[in-house]
Amino acid sequence: MAAPKKSTSVPPDKLRLYEKLIAGTPGIDSKANLGAAYTAVNGNMYSMISKYGVVGIRLPEPDRSAFLEKYHAAIFRADPAWPPNKEYVAVPDDLLQNTAALRPYLKASYRYALTLRPKAAAKPKAAAKPKATPKPKPTAKPKAAAKPKEAAKPKEGAAKKAATKSKEGAAKKRS
């Protein structure tokens with residue numbers, strides 16, 4: 001049983017065409033993340049459809065240059081505000097409808113992705129460690145009776161300094 005598909009924000013008509021392309025290419029499965037669909041092998045993406053409905057296919061040189069020239073295509077941008085994805089070509093809308101013409105490029109993209117270094121799989125999160133139980137506090141020894149505190153005595157020098165300051169202040173007022 002196939003896993004339920006995640007919802008995307010891709011225009012439905014473009015998404016259907018992209019899914020038709022992928023379904024018609026044996027051995028390729030699509031995924032969805034962040035509101036768009038994509039294909040990946042060994043952790044390397046090799047095609048995607050942006051939330052704007054633009055399909056990008058990752059191609060090696062010289063296939064990329066030939067595609068750009070033959071179809072008057074552009075380098076793919078997942079979002080107009082983002083920098084271009086230099087290894088991806090943007091599939092023109094009319095070509096997206098022609099899955100037979102586009103399929104060889106998707107296969108070439110898949111083969112190219114297989115040559116890339118595999119990306120490390122996400123490490124599974126470690127199981128939560130049980131919290132350590134607090135160590136019991138040692139039993140307290142009975143305290144000895146506290147000595148009564150003596151009243152604080154003013155320092156002898158403090159009174160002398162206060163008297164000197166008041167004399168200096170009085171002298172300044174007179175002058």
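The values are calculated or read from the model by the stated rules, or taken from the named source; none is laboratory data. Not measured: the values here are computed from a predicted model. Cβ sites come from the backbone with ideal geometry, for glycine too, and all protein chains shown count toward neighbours. These accessible areas exclude ligands, DNA and RNA; they are computed on the full protein's heavy atoms, side chains included. Shrake-Rupley method; radii C 1.70, N 1.55, O 1.52, S 1.80 Å.
As for region 38-54, it holds no residue that is over 21 Å from D93 (Cα atoms), of a type in the set (A, V, I, L, M, F, W, C), under 19 Å from the mean Cα position of the chain (by Cα) and in a loop (DSSP other than H, G, I, E, B). One residue stands out in region 23-42 among those that are of a type outside the set (S, T, N, Q) and closer than 20 Å to R77 by Cα: the one that is surrounded by the fewest Cβ atoms within 10 Å (Cβ to Cβ), namely L34.
Within region 42-87, the residues that satisfy the criterion of being charged (D, E, K, R), touching a Phe, Trp or Tyr at 6+ places or on another chain (Cβ under 8 Å) and either within 16 Å of Y112 (Cβ to Cβ) or at pLDDT 95 or above (or both) are R58, D63.
The residue that is nearest to the chain's Cα centre (by Cα), among those in region 90-107 that are in contact (Cβ under 8 Å) with a residue 12 or more places away in the chain and closer than 13 Å to A23 by Cα, is L106. When Y38 is tested against (1) modelled with pLDDT of 95 or more; (2) touching a Lys or Arg at 6+ places or on another chain (Cβ under 6 Å), only condition (1) is not met.
So in region 86-103, with the set limited to residues that are hydrophobic (A, V, I, L, M, F, W, C) and part of a helix (DSSP H, G or I), which one is most open to solvent (accessible area, probe 1.4 Å)?
A100
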